[in-house]
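See below for the structure under consideration.
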Amino acid sequence: WTSLTSGLPPSADFGFTSVSICDAFPNVLYAGVSYPEASPACGEMRGFYKTSDGGATWTALSPSYDFYCYPPPFDNICQGWYGNITSVSPVDTNIVFTGGVYLYKTFDAGANWYYYDYSPAELDYPWVHPDHHSFGWDPQNPNTVYAFCDGGVYKSTNQGYHWYLKNNGLVTTQFYYIASSATNPNIALCGTQDNGSWCNLHLDTSKTWKQFQTGDGFMVSVDYGNENVWYGSELYAGRFRITLNGDSVEQRNSGIISSNYFTTPFVMHPTNRATFFTATDSEIYRTDDTCHNWTSVYGAPYMIAFAFDHVNPDIIYTVQDPYFTITKFCRSLDGGSTWLTGTLPMNKVIDIECHPDSSGVLFAVRSSYNAGENIWKSVDYGATWTNISGDFPGVPANAICIDPHNTQHLYAGTDLGMYLSIDGGHTWNSFNDNLPNVMVTDIHYYEPDGTIRIGTHGRGYWMTKAFVPDALPDEFGTCFNNTRIFPNPLTDQTMISFSLSSPSSVTIKIYNNLGQCIHTLYNQKNGAGAYTVTWDGNNSNGVKVAAGVYYVRMICEETARTVKLNVSR
């Protein structure tokens, strides 16, 4: 390799740089150089250059635009480190497309530049979506060009005078966060990268999603008392409340005086629908009036994830975005009134999750490429941590959830799909059946239908049934005699009769058709004789189960028997 430096900036000024060569005249190249990450001008354009002698000498062009920055009033946000393209026509060295935020074109080798994002043929979007990443020319017809950006694929048959959106059939959305209605399994929300927030109101029958906010959409939630009320957060602008399935949008940022961080965390309290927590680039805030008024409760910068203790929701945990420094961990034991700074297992903690039924027990996942150090557990409110990674591979983990029906089942979303442990973290296996080899950004265990729901970085929204062990086997022995369940199907209650030939400990559990234990009905030691146990059709929380197929599992010493029971309502 030969270093080409004549006319170019010093190497210390080089950040992300895009280069394009003319196919017909390969001595002609263009290069767009952004300032490096370490520079105070990170993301701004350092310069735009042309060579006509194969790179031996370069000439600096002087466009009047910074191709990599938003114009005012967007505070000149610059992202040449991220969106930065240069593309010269394959047959004409004078025609060049370039850009980052927006798309520009020159007809005269850079003497004059023109804004080229307009798309009057599109009724809904009369411009090409911002943030450009690649550009293509039809090799058979240089009048046909393609722009690849955060909005997908755009095509023009007249070199950019008119653009047409070409996304039908593509499933490439980048999901930040997902949410579901607590009462309607078919309502799902999501926040996406640079494409706003979306909803699907018919998840069981439709793959069609409706956009209800623009920009970058982040955390979303459905009011668990009213499925028609939603909340969400967006890039820099903060928090909003949605009613009527996205038709009415209200900003809810009153009282927040510090700047909003890029990722805006925004979570609803699990037992008080009027209480929310959020964070900015310097503080944690709380509201108790459905986000009408916010109050700062703690000075902690760049917190990105919150978790509530499921047994005592006054216990709250939060972690800091590890992009900036060593991940900071904070906890409150009094509903957010006071906070303490704690410790985490090493750096780069991305997500935390609390145990479904044990107070003070929580899990953390790390973004590390070293095997055996990404899954951690605390049993003392985050004071100390134990590595439960087991044989977890050297793949960054981004999200975790725990099966509430079997807390030995742990799900981890990683840069390479989903992993599952069924023994509390000792061993891990891929859980990717039919799932692309994709980064998983968020996971939910949706209890009403026993599904695992995930958002991915670039492959959309996916769901599958939670892992269920093989059908519960019967181990016949001499312990049980004269087993009978009547009536079957159950309408109001059923009686489970059995007799023991000798003193034995007996456990009776009720399982749903996913193989999940929903109720331990009976657990005690009995002498020899006949017994009857009544089940009223309620689960362990005292809530009547839905109609369907259930299984009565009777365990006596080393003997077990499973009987199918239909529930009719």
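Among the residues of the stretch 342-354, which ones are assigned to a strand (DSSP E or B) and touching a residue at least 40 places away in the same chain (Cβ under 8 Å)?
Passing the criteria: Gly342, Ile350, Asp351, Ile352, Glu353, Cys354.
Return yes when Asp309 is closer than 26 Å to Trp428 by Cα and open to solvent by less than 10 Å² (accessible area, probe 1.4 Å) and no when it is not.
yes
Mind checking which residues of the stretch 195-227 are among the acidic types (Asp, Glu), more than 16 Å from Ser248 (Cα to Cα) and surrounded by fewer than 18 Cβ atoms within 10 Å (Cβ to Cβ)?
If the condition is that a residue be among the acidic types (Asp, Glu), more than 16 Å from Ser248 (Cα to Cα) and surrounded by fewer than 18 Cβ atoms within 10 Å (Cβ to Cβ), then Asp204 is the only one that fits.
Give the residue, chosen from Asp66, Asp92, Asp23, that is within 39 Å of the chain's Cα centre (by Cα) and part of a loop (DSSP other than H, G, I, E, B).
Asp66
Residue by residue, here is whether (1) at pLDDT 95 or above; (2) surrounded by 21 or more Cβ atoms within 10 Å (Cβ to Cβ); (3) under 30 Å from Leu333 (Cβ atoms) holds:
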residue	(1), (2), (3)
Pro404	no, no, yes
His409	no, yes, yes
Met418	yes, yes, no
Trp428	no, yes, no
Ile454	yes, yes, no
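Every residue, every condition in (1) under 13 Å from Gly32 (Cβ atoms); (2) at pLDDT below 95; (3) hydrophobic (A, V, I, L, M, F, W, C); (4) open to solvent by 40 Å² or more (accessible area, probe 1.4 Å), yes or no:
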| site | (1), (2), (3), (4) |
| --- | --- |
| Ser64 | no, yes, no, yes |
| Pro72 | no, yes, no, yes |
| Asp75 | no, yes, no, yes |
| Ser87 | yes, no, no, no |
| Pro90 | no, no, no, no |
| Val96 | yes, no, yes, no |
| Val101 | yes, yes, yes, no |
| Ala109 | no, no, yes, no |
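In the stretch 2-23, what residues are open to solvent by 40 Å² or more (accessible area, probe 1.4 Å), modelled with pLDDT of 95 or more and either touching a Pro at 6+ places or on another chain (Cβ under 6 Å) or within 18 Å of Thr98 (Cα to Cα) (or both)?
Phe16, Thr17, Val19, Ile21, Asp23
In the stretch 386-441, how many are within 19 Å of Ile178 (Cβ to Cβ), small (Gly, Ala, Ser) and outside any strand (DSSP E or B)?
Residues flagged as within 19 Å of Ile178 (Cβ to Cβ), small (Gly, Ala, Ser) and outside any strand (DSSP E or B) within the stretch 386-441 amount to 0.
Just the residues that are in a loop (DSSP other than H, G, I, E, B) and either among the hydroxyl-bearing types (Ser, Thr, Tyr) or in contact with a Lys or Arg (Cβ under 9 Å, 6 or more places away or on another chain) (or both), please, taken from the stretch 1-15.
If the condition is that a residue be in a loop (DSSP other than H, G, I, E, B) and either among the hydroxyl-bearing types (Ser, Thr, Tyr) or in contact with a Lys or Arg (Cβ under 9 Å, 6 or more places away or on another chain) (or both), then Thr2, Ser3, Thr5, Ser6, Pro9, Phe14, Gly15 are the ones that fit.
Provide a single number: the residues in the stretch 249-308 that are hydroxyl-bearing (Ser, Thr, Tyr) and closer than 17 Å to Leu235 by Cβ.
Matching residues across the stretch 249-308 total 8.
Of the residues in the stretch 26-39, how many are within 35 Å of the chain's Cα centre (by Cα), hydroxyl-bearing (Ser, Thr, Tyr) and in a strand (DSSP E or B)?
1
Just a yes or no: is a residue in the stretch 266-288 assigned to a loop (DSSP other than H, G, I, E, B), in contact with a strand residue (DSSP E or B) (Cβ under 7 Å, 6 or more places away or on another chain) and under 19 Å from His444 (Cβ atoms)?
yes
The values are calculated or read from the model by the stated rules, or taken from the named source; none is laboratory data. For clarity, every value in this text was computed on a predicted model and none was experimentally measured. Cβ coordinates were reconstructed from backbone atoms using ideal geometry, including for glycine residues, and neighbour counts include every protein chain displayed. Side chains are part of the model used for accessible areas, which takes the heavy atoms of the whole protein and leaves out ligands, DNA and RNA. Shrake-Rupley method; radii C 1.70, N 1.55, O 1.52, S 1.80 Å.
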